[in-house]
Amino acid sequence: MNSVGGRASEKPASVASRLGSMHLDKASLIQGIAVVAVVIFAVSTPGFLSTTSIRSLLTTVSFVGCVAVGMTFITLSGNIMSFSIGASMSATTIVFMASIALGLIPALILAFLFCAALNGIQGWLIGFFRANPLIISMAAYSMIIGSAVYITGGRGVYPLTNKADILTANLGPIPGPLAAFLFVAIAGQLILSFTRLGRNIYLVGTSPRAAKAAGIEPWRTVLWAYVAAGLCTAASAVLVAARYRSGDMEHGIGYEYHAISAVLVGGTSIRGGEGSVLRTLVGTVFIALMQGLLILRGFGIELQYLLIGLIVLAAIMLQWKVRT
Amino acid sequence: MQALPENQRTKSAADAGLSAPLFLGSPIFSARDLSKSFGPVNALKHLSVDFYPGEIRAICGENGAGKSTLVKILAGIDRPDAGTICFDGKVCPLSSSIEAQRLGIAMVAQELSICPDLSVFDNIWLGSVDVPFLPRRKELRRRAAEALRLLGAEHIALNTTVGQLTIGERQLVEIARMLTRNARVFILDEPTATLSDSEIDRIFVALARIKREGHSVIYITHRLAEVFKICDSVTVLRNGEMVGTVGIAAIDRKKLIEMMLGRPFVEMYPEHGYSAGDPLLQIEGLSVPGAVNDFSAVVPRGDIVCIAGQVGSGAEDVVRTVAGLVYNATGSVRVNGKPMRLGSAEEAFEHNINFVSGDRAEEGIFRSLSVTDNLVATRLRALSRFGFLNPNSLRAEALRLAARAGVDQRRLRARADDLSGGNQQKLAFGRCLGGAQAGLLVLIQPTRGIDIGARAEIYQLMHGLCSEGYGLLVASTDLEEVVGLGDVVITMYRSRQVGNYRGKAINMQDIMADIIHPLK
């Protein structure tokens, strides 16, 4: 092996790579410990192992989870996060409920198209004009809220129909929202792992310049990543709308924060190009568990916020530690 | 305080018969028994070296030999695990670069360390311990201008924002910063990698002046011609160990390379001649505002066409345009006779044009992804069916491309970051070689920052591609490479095309004259 030039310098590199994986193992070790601790905490909490509490946990996980899967696409594509995703979710609940009179299927199609377009436009602006993703999403947030309140007059939509109730029905033993979420998560992971779009998202997220030099147009990839995020968000929107039998600008409030928390706690890199839906899944469940447990143990909402903030901070610090 | 034996050499150097003292007098700066490891990697192993006043010392070695680690320790940026550093015979701990600066050690690091949003003036004085809390700007301006003048860079105004300068000019600013430091030891870590030959000549003049003033220069370079041109002696490192220090008169190019490699040297540039195949690429009247003015060229199949020019001459812009990365280019580019729309990387890719960037870290490869991911990055379109990919076929393709480009197949899962520069460049090549048909490869500085051994392999790879029917268009500032590699050499000077040489007409003098100061 040493007969060829340049190989001599390889040995340190390979050791360094092993070292790198050791560091990664350390990070997953910490994550593992955290998960085990939460599970012990959960089992020892009275009332946790009841059907009601688990059902409510799974419902929360399903609603936040769909949005978090969408956010994963945005983060992976190198665009950090979208502030507007909660607002576009709210707007989609309104579109869905306003069009439910046309029948469930047309309303679903409209809702998904609407949310995909809303996010796709942002993706196009960000990709094509290389605009700052955070600024664009903040502007979009404001514009979505503004136009929605202008159009609806600030009132929610409460159709007198139960056409959407089927979305909340059980699929055998599995609650409908959970089944929908599992479908979104599996589809998201499959897209990332086994399609050209998925690969391109990783490449562009790692380095848009390098991707361009490899013959990939980064803007197109970013656009599709946002469309994917919009579709995932729409899934959450119709589930929430069906559950509350209404469309309202309040429905999506806070979802962008919960989603990005789940993405980061799961261990997807904020710099893009590294992570997966699977990790987001872990992050979503972890955060929802913590929240549920705190409620069961009688802690207030303020403590929930504090704790989630701390967990997100720890997740970010852990990423930083691994990188350096 | 501690007395040190003069000219102490390591055992291996003594064995090699290279232990004769080179200089009389006492060293200004010496390192004794330095060791440094990064995790389990031993970057330096018990290394001792002396530097003398009035001397320009080259430090040579392949990538990973420990050159940069050594100078980082000498400049106080990194701290050694063991060993001592003596300045003027006194042991100094060198715990920070500020302390090194106070002692009189100045350094130009390998990576640009310049703030693009500040002015040239601010950048020159950035981090200097000479600047008091309330500086007298007039005096500082005079000294900064003086340093730029020494480098023949008077045209760079002190008020210019550095972001507006070319990379070569930025490097000059950084060297000017070093010159203002009132230092006695000047360390330059590959200062010429981004510079053109005329700029390099100016730096050499400045270095010769430093030497005449009795100061010491430590000079790291991959370009051996520079070693023989300006250095008095050369220290060779290999795998973190000292091979020896020799006076420049006592060694020639071949011996130096053999010292670096630790084995006999095979000729770097394979024999090759102009084959005049069918025209693969035809460029006519290509212009890029502010960069290229009316450029025309033909790249035949089976040939390497080199565009030689200084940094900023437009040579790189021509290549970037052909790769579809310049949005405001005009003119006609035909591939295999078919016209190509400019400004779209995808379009260029569809015409079977593959691009190997000169900026390997940021553009050439995906650093944080695996070797496999890098190799198949350009092949996703070809390997997908209705947008879906089969992991097995991706793996098979990565294996195939790794074999073609000479990347170790056992390292397909390693991160690209963990590979040496030479192997990273092979990755960048490998991902271009997937197409069923031989296409066009366009390259910028294909061997920038790559050690001699890997360089020879890459040249061989390039010639191998020629015989498969690929055509290569290369932009390079390295004249030795251009002359050794090119079947056709086109010279450029300030956005315009100067000369066109073919086969036997290719010679260093004319090309040098063309790109520095053309008469035509």
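Table for the structure above
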quantity	calculated
One residue from A:G47, A:G6, A:G78, A:G86 being at pLDDT below 80 and either within 26 Å of the chain's Cα centre (by Cα) or open to solvent by less than 60 Å² (accessible area, probe 1.4 Å) (or both)	A:G6
Residue match in the stretch B:367-379 (condition: in contact with a strand residue (DSSP E or B) (Cβ under 6 Å, 6 or more places away or on another chain) and under 21 Å from B:L473 (Cα atoms))	no
Filter result for the condition that a residue is within 13 Å of chain B (Cβ to nearest Cβ) and under 16 Å from A:T268 (Cβ atoms), over A:G198, A:G188, A:G215	A:G198
Selected residue (criterion: farthest from A:S261 (Cα to Cα)) from residues of the stretch A:294-308 that are part of a helix (DSSP H, G or I) and open to solvent by 30 Å² or more (accessible area, probe 1.4 Å)	A:L296
B:L22 vs. criteria under 20 Å from B:S216 (Cβ atoms) and modelled with pLDDT under 65	yes
Unmet requirement for A:G127, which otherwise passes all of (1) open to solvent by 30 Å² or more (accessible area, probe 1.4 Å); (2) within 30 Å of A:I216 (Cα to Cα)	(1)
Residue count, the stretch B:466-499 (criterion: without any contact (Cβ under 8 Å) to a residue 60 or more places away in the chain and open to solvent by 20 Å² or more (accessible area, probe 1.4 Å))	3
Filter result for the condition that a residue is small (G, A, S), within 23 Å of B:L383 (Cβ to Cβ) and free of Cβ contacts under 8 Å to residues at least 40 places away in the same chain, over A:A179, A:A210, A:A169	A:A210
Criterion violated by B:R395 - all others in (1) closer than 27 Å to B:A475 by Cβ; (2) more than 8 Å from chain A (Cβ to nearest Cβ); (3) open to solvent by 10 Å² or more (accessible area, probe 1.4 Å) satisfied	(1)
Pick from the stretch B:352-380, criterion open to solvent by less than 10 Å² (accessible area, probe 1.4 Å) and in a helix (DSSP H, G or I), ranking: nearest to A:K212 (Cα to Cα)	B:E363
Test for B:G503: is it over 24 Å from B:D359 (Cβ atoms), open to solvent by 20 Å² or more (accessible area, probe 1.4 Å), touching a strand residue (DSSP E or B) at 6+ places or on another chain (Cβ under 9 Å) and not β-branched (V, I, T)	yes
Subset tally (residues that are within 10 Å of chain A (Cβ to nearest Cβ) and open to solvent by 10 Å² or more (accessible area, probe 1.4 Å)) for the stretch B:425-451	0
Residue list for the stretch B:311-329, restricted to those being open to solvent by 30 Å² or more (accessible area, probe 1.4 Å) and at negative phi	B:V311, B:E316, B:D317, B:R320, B:L325, B:Y327, B:N328
Near pairs, Cβ below 7 angstrom, 6+ apart or cross-chain, from the stretch A:185-199 (of a type outside the set (F, W, Y)) to any residue that is surrounded by fewer than 17 Cβ atoms within 10 Å (Cβ to Cβ)	A:T195/B:G387; A:T195/B:F388; A:R196/B:R381; A:R196/B:G387; A:L197/B:G387
Elements of type strands (runs of 3 or more DSSP E) in the stretch B:40-159, at least 3 residues being more than 26 Å from B:T192 (Cα to Cα) and open to solvent by 10 Å² or more (accessible area, probe 1.4 Å)	B:41-51, B:82-87, B:90-92
Only one of B:V236, B:V217, B:V299 that is open to solvent by less than 10 Å² (accessible area, probe 1.4 Å), among the β-branched types (V, I, T), in contact with a Lys or Arg (Cβ under 9 Å, 6 or more places away or on another chain) and at pLDDT 85 or above	B:V217
Pick from the stretch B:267-296, criterion in contact with a strand residue (DSSP E or B) (Cβ under 7 Å, 6 or more places away or on another chain) and among the aromatic types (F, W, Y), ranking: surrounded by the most Cβ atoms within 10 Å (Cβ to Cβ)	B:F295
Hits in the stretch B:27-39 (condition: part of a loop (DSSP other than H, G, I, E, B) and in contact with a Phe, Trp or Tyr (Cβ under 7 Å, 6 or more places away or on another chain))	B:P27, B:I28
Meets criteria (away from every other protein chain (no Cβ under 11 Å), surrounded by fewer than 19 Cβ atoms within 10 Å (Cβ to Cβ) and more than 26 Å from the chain's Cα centre (by Cα)) for B:S384	no
The stretch B:452-484: number of residues that are within 14 Å of chain A (Cβ to nearest Cβ) and of a type outside the set (A, V, I, L, M)	5
Residue tally, condition open to solvent by 30 Å² or more (accessible area, probe 1.4 Å) and either in a helix (DSSP H, G or I) or modelled with pLDDT under 90 (or both), over the stretch A:228-254	3
Residues (touching a Gly at 6+ places or on another chain (Cβ under 7 Å) and assigned to a loop (DSSP other than H, G, I, E, B)) located in the stretch A:146-172	A:G156, A:A169
Positions within the stretch B:239-266 being open to solvent by less than 80 Å² (accessible area, probe 1.4 Å) and either of a type in the set (S, T, Y) or within 14 Å of another protein chain (Cβ to nearest Cβ) (or both), in sequence order	B:N239, B:G240, B:V243, B:T245, B:I257, B:E258, B:M259, B:M260, B:L261, B:G262, B:R263, B:F265
Lone qualifier among A:A214, A:A235 - being in contact with a Cys (Cβ under 7 Å, 6 or more places away or on another chain) and among the hydrophobic types (A, V, I, L, M, F, W, C)	A:A235
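The values are calculated or read from the model by the stated rules, or taken from the named source; none is laboratory data. Given the structure is predicted, the values throughout are model-derived calculations rather than measurements. Methodologically, a virtual Cβ is constructed for each residue, glycine included, from the backbone with ideal geometry; neighbour enumeration extends over all protein chains shown. Accessible surface areas use protein heavy atoms only, side chains included; no ligands, DNA or RNA. Shrake-Rupley method; radii C 1.70, N 1.55, O 1.52, S 1.80 Å.
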